[in-house]
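K.L.:
Before I ask anything, let me first share the structure, which is written out below as structure tokens.
The values are calculated or read from the model by the stated rules, or taken from the named source; none is laboratory data. As the structure is a computational prediction, the values presented were derived from the model and not from experiment. Using ideal geometry, Cβ is built from the backbone for each residue, glycine included, and neighbour counts are taken over all protein chains shown.
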Amino acid sequence: MLKNKKIIEKLTLEQKASLMSGKNTWESQDIPEKIPAIFMSDGPHGLRKQVGEADHLGLNASLPATCFPTAATLANSWDEDLVYQVGTCIGEEAKALDVNVVLGPGLNIKRNPKCGRNFEYYSEDPYLAGKLAASSIRGIQANGTIASPKHFAVNSQEYRRMASDSIVDERTLREIYTTNFEIAVKEGQPKSIMSAYNLVNGNYANEDSYLLRDLLKEEWGFEGFVVSDWGGDNDHTAGVKNGSHLAMPTLGKNGTLELVNAVENGELEEAVLDQRVDEFLSVVQAVDFSSANGTIDWQKHHEVAKKAAMESIVMLKNEANILPLTSEKKVAVIGDFAQTPRYQGAGSSVVNAKNLETTLDVIGEYPLTVVGFAKGYERGGKSNDQLVNEALELAKKSDVILLYAGLDEILESEGMDRTTIDMPKNQLALIQELAAAKKPIVVVLSAGSVVECSWEKEVQGILHGYLGGEAGASAMLEVICGHHNPSGKLNETYPISYQDVPFGKEFPAKGRYVYYKEGLYVGYRYYDKAQKAVRYPFGYGLSYSSFQYSELIITNSGVKAVITNVGEQAGSEIVQLYIGKSSSPLVRPTKELKGFVKVFLQPGESKMIELAFDDKSFRYYDVESRSWKTESGEYNIMLASSVKDIRLEGKLLITGTEPEDYVVLPNYQAAKLEEITLADFEKLYGQKVPQEETSGQHLLNRTSIIDEMNQAKNPLARFVHRIIRALLKRSERKGKPDLNLLFISNMPFRAIAKMTNGMVSLAMVDEMLVMVNGHFFKGFAGLTKQFFQNRKLQKAK
Ligand code: BGC
């Protein structure tokens, strides 16, 4: 039964088809006097409403907006109310700027610390990611703005992001890579969701009826519209057929024509198109288009950004209570980041910050005795002895060094994965030089994702601010001087070195297929089960106080315990509930996060905390019956300060079922990932995995990416490839990623037709491929013919 039957009946087939793709880069198609267009903008940590030329890579200017901490930062607060509050501010700014849909939050699972977009995502854990995403969605939508959480699903690497196929077993898909979305959808009720660029087990996410209909719609009750990622629409008809509503950006008239033809030749039932149009209109018709221009309280939003940054700071080390710093100590401020902050990542999420603070600008407002500033290093990793010497000279005059360090902009960007988790070499060298000067060092880290911290022994204190947004500088100073007690805890594991990361050598997968061989053992689920030492465990973070846990009570409905602040400063503790099952024939991590709460306590104060069990607490996904089940038996119920720091533990007997028909996988059961073979993975996957068909020179097709042109038959194509590579290298040397080129080199050929406003048709792309595949003149003739045909077609309709 169509909800918008009356409107739909009055639309022509063409009009209906036109609604399924965009009008331009940011707007959906309107139908004058009948259906309005809706305006979409990024993104996850502040609005990016473009004013001039539109692009989806954060290249061109956007209107000033509050730049909040990125998702990876906020996740360290584990604070659902705070994330909600940030969401409401973003929703308000959207409303004031006439933006109807905010393209965020991003909640993909951080499968590997090198994923270039980890700074935009919440966690390696689906429960934490899902809960925070749900809060963000509720916040954004509180005033009627629409949230579009992304990228659904299994989108955990940037290389080949539009043309890689995530090969993941069904249990892992359900328990890890879609549980985050399940929580976000059920508890956040977003009115939109963005499908991922990639394929999942052979189907484009934007054409996958299992993801888009069976899970999203049927199981989770999603009542919004699915929008493709920008240029992520592969086969438009298949997208609409399988549950996608809106291909973005515009496909020009070709999108409409394709669907009209598909209906006319029976490939797409008109009833299915009507259903998609109906689902889409149900959202569009409910949008409140009244403008709220000029009502943004910028100061209030800046304060929220500051609070968010402050609550997200993680203290990783505090030897001999070097922190907080008192005014008696002479402080040398060293590091380029103190002057030019590193506060957000690169790509579509870039915000034109309304009110950006720098440490040097605001440090005077804090009770610190600063003896000077030295830049210490250049961005981009190049060594500079003069800067080091200046820093050493300054250090001599101080009692303590406050060293602002971390990852340069070039190292964290949409469109490219990181090549290492190390900090830039020149910064590492500076730490060594300063350490030799024998002055205590407090490192203030800025990085949106995991960094290798083998230098930690050289320093006495580490405060990790991640990417703190526009007010990150003052937020950090509040903690440094002790006005605010740090309470953030890591949303991801910091391994001792990258070598410890499961299947790290295979990341990012270079070919079409990405084998998710580690299965459930993502992040702490692996390190904990394999008992592998880590630098900083998941959920870890220090405080200026200490907290005691006591009086654990476990019932069938949840746990209770008393938390006491036994330190001398008021502060918050993030209490984590982990559940595990020691004896089981199934593959099981030892601990899985199933709840958390942040509790604020005055010195000496005690509070009873309560965490209720929910439908996720004991379930596992049974592949055989394709349903959630609960295994009978005894479970370990743990309250913890981090995954490695269990404070209270008890047992609970649960009645469920005995697992039947499961595959026995000893290497997986023991988390011996280094011994896992492709055959083991195939057992887990339940079938043979697809294999790369081509290596060396081969014929390229619509789904081949531009970067594959080095294997093209036509030497000219190989030459063009070399030019692109050279330009990319040049931009790397300059320290700024060339996002356009990165996008192009990772883009499949068919996307040329999807991102050129109808100027290029798919038939033209096919002729280009003929050229690339070694038949230059034949292809060129075909391309010319198709060009004129496309032009005629565009004019005709
Ligand atoms: C990104 C999305 C973003 C979109 C629009 C894409 O390249 O993957 O996250 O929302 O562009 O800017």
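K.L.:
Being buried (at least 21 other Cβ atoms within 10 Å of the Cβ) and more than 16 Å from the ligand (Cβ to nearest atom) narrows it down to one residue among 371, 331; which is it?
P.N.:
Going through 371, 331 in turn, the sole match is 331.
K.L.:
Looking at 174, 161 in this structure, which one is out of contact with any helix residue (DSSP H, G or I) (no Cβ under 6 Å at 6 or more places or on another chain), more than 29 Å from residue 88 (Cα to Cα) and within 15 Å of the ligand (Cβ to nearest atom)?
P.N.:
Among 174, 161, only 161 is out of contact with any helix residue (DSSP H, G or I) (no Cβ under 6 Å at 6 or more places or on another chain), more than 29 Å from residue 88 (Cα to Cα) and within 15 Å of the ligand (Cβ to nearest atom).
Yes or no, residue by residue, for (1) over 21 Å from residue 490 (Cα atoms); (2) of a type in the set (Phe, Trp, Tyr):
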position: 504; (1), (2): no, no
position: 508; (1), (2): yes, no
position: 526; (1), (2): no, yes
position: 534; (1), (2): no, no
position: 538; (1), (2): no, yes
position: 543; (1), (2): no, no
position: 551; (1), (2): yes, no
position: 562; (1), (2): yes, no
position: 575; (1), (2): no, no
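K.L.:
Report the residue count in the range 203-213 for those that are in contact with a Ser or Thr (Cβ under 9 Å, 6 or more places away or on another chain) and either over 27 Å from residue 756 (Cα atoms) or within 14 Å of the ligand (Cβ to nearest atom) (or both).
P.N.:
3
K.L.:
In addition: What's the total number of residues in the range 719-761 that are aromatic (Phe, Trp, Tyr) and more than 27 Å from the chain's Cα centre (by Cα)?
P.N.:
Going through the range 719-761 one residue at a time, the tally reaches 1.
K.L.:
I've got another one for you. So which residues in the range 490-537 are over 19 Å from residue 421 (Cα atoms) and under 20 Å from the mean Cα position of the chain (by Cα), if there are any at all?
P.N.:
Residues satisfying the conditions are 514, 515, 516, 518, 519, 520, 521, 525.
K.L.:
Are any residues in the range 739-791 over 24 Å from residue 159 (Cα atoms) and either touching a Phe, Trp or Tyr at 6+ places or on another chain (Cβ under 6 Å) or aliphatic (A, V, I, L, M) (or both), and if so, which ones?
P.N.:
Result: 759, 760, 763, 764, 770, 771, 781, 783.
K.L.:
Taking the range 214-238 only, how many residues are touching a residue at least 60 places away in the same chain (Cβ under 8 Å), away from the ligand (no atom under 16 Å from the Cβ) and within 17 Å of residue 750 (Cβ to Cβ)?
P.N.:
Adding up the residues that qualify gives 1.
K.L.:
Tell me yes or no: at least one residue of the range 249-271 is under 20 Å from residue 126 (Cβ atoms), within 16 Å of the ligand (Cβ to nearest atom) and either touching a His at 6+ places or on another chain (Cβ under 6 Å) or not in a loop (DSSP other than H, G, I, E, B) (or both).
P.N.:
no
K.L.:
Determine, yes or no, whether residue 378 is acidic (Asp, Glu), buried (at least 18 other Cβ atoms within 10 Å of the Cβ), assigned by TED's automatic domain parsing to the domain that holds residue 441 and more than 16 Å from the ligand (Cβ to nearest atom).
P.N.:
no
For every residue, the table says whether it meets (1) surrounded by fewer than 22 Cβ atoms within 10 Å (Cβ to Cβ); (2) farther than 30 Å from residue 85 by Cβ; (3) at pLDDT below 95.
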residue	(1), (2), (3)
244	no, yes, no
259	no, yes, no
294	yes, no, yes
304	yes, no, no
308	no, no, no
318	yes, no, no
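K.L.:
Further question: Return the residues of the range 342-378 that are in a helix (DSSP H, G or I) and not acidic (Asp, Glu); say none if nothing qualifies.
P.N.:
Those that are in a helix (DSSP H, G or I) and not acidic (Asp, Glu): 359, 360, 362, 363, 364.
K.L.:
Something else about it: Report whether or not residue 573 is touching a strand residue (DSSP E or B) at 6+ places or on another chain (Cβ under 9 Å), crowded, with 21+ Cβ neighbours inside 10 Å and either more than 27 Å from residue 523 (Cα to Cα) or acidic (Asp, Glu) (or both).
P.N.:
Judged against the criteria, residue 573 is a match.
K.L.:
Between a residue in the range 589-614 that is not assigned by TED's automatic domain parsing to the domain that holds residue 563 and any residue that is crowded, with 18+ Cβ neighbours inside 10 Å and among the polar types (S, T, N, Q), which pairs come within a Cβ distance under 8 Å, given they are 6 or more apart or on different chains?
P.N.:
Nothing qualifies.
K.L.:
Moving to a separate point now. For the range 19-76, which residues satisfy the criterion of being farther than 30 Å from residue 313 by Cα, more than 16 Å from the ligand (Cβ to nearest atom) and either of a type outside the set (Asp, Glu) or not in a loop (DSSP other than H, G, I, E, B) (or both)?
P.N.:
19, 20, 29, 31, 32, 34, 35, 36, 37
K.L.:
Right, something else. Taking into account only those residues within the range 698-718 that are over 18 Å from residue 509 (Cβ atoms) and buried (at least 21 other Cβ atoms within 10 Å of the Cβ), which is nearest to the chain's Cα centre (by Cα)?
P.N.:
Selected residue: 709.
K.L.:
crowded, with 19+ Cβ neighbours inside 10 Å, in contact (Cβ under 8 Å) with a residue 60 or more places away in the chain and over 25 Å from residue 166 (Cβ atoms): which single residue out of 746, 757, 773 fits that description?
P.N.:
Sole residue among the options that is crowded, with 19+ Cβ neighbours inside 10 Å, in contact (Cβ under 8 Å) with a residue 60 or more places away in the chain and over 25 Å from residue 166 (Cβ atoms): 773.
K.L.:
Is it the case that the range 639-654 has a residue that's over 20 Å from residue 529 (Cβ atoms), modelled with pLDDT of 95 or more and among the hydroxyl-bearing types (Ser, Thr, Tyr)?
P.N.:
Checked against the condition, which is being over 20 Å from residue 529 (Cβ atoms), modelled with pLDDT of 95 or more and among the hydroxyl-bearing types (Ser, Thr, Tyr), the range 639-654 yields no hits at all.
K.L.:
Then there is this: Just the residues that are closer than 12 Å to residue 637 by Cβ and not polar (S, T, N, Q), please, taken from the range 589-618.
P.N.:
Matches in the range 589-618: 591, 592, 594, 595, 611, 613, 618.
K.L.:
When you look at residue 366, is it of a type in the set (Phe, Trp, Tyr), in contact (Cβ under 8 Å) with a residue 40 or more places away in the chain and either more than 15 Å from residue 469 (Cα to Cα) or within 16 Å of the ligand (Cβ to nearest atom) (or both), yes or no?
P.N.:
The answer is yes for residue 366.
K.L.:
Do we have any residue at all in the range 8-28 that's more than 25 Å from the chain's Cα centre (by Cα) and at positive phi?
P.N.:
no
K.L.:
Now for a different question. Given the structure, is residue 243 away from the ligand (no atom under 16 Å from the Cβ), small (Gly, Ala, Ser) and not in a loop (DSSP other than H, G, I, E, B)?
P.N.:
Judged against the criteria, residue 243 is not a match.
K.L.:
Please specify each residue of the range 525-558 satisfying the condition of being surrounded by fewer than 20 Cβ atoms within 10 Å (Cβ to Cβ), free of Cβ contacts under 8 Å to residues at least 40 places away in the same chain and under 21 Å from residue 113 (Cβ atoms).
P.N.:
Those that are surrounded by fewer than 20 Cβ atoms within 10 Å (Cβ to Cβ), free of Cβ contacts under 8 Å to residues at least 40 places away in the same chain and under 21 Å from residue 113 (Cβ atoms): 531, 532, 533.
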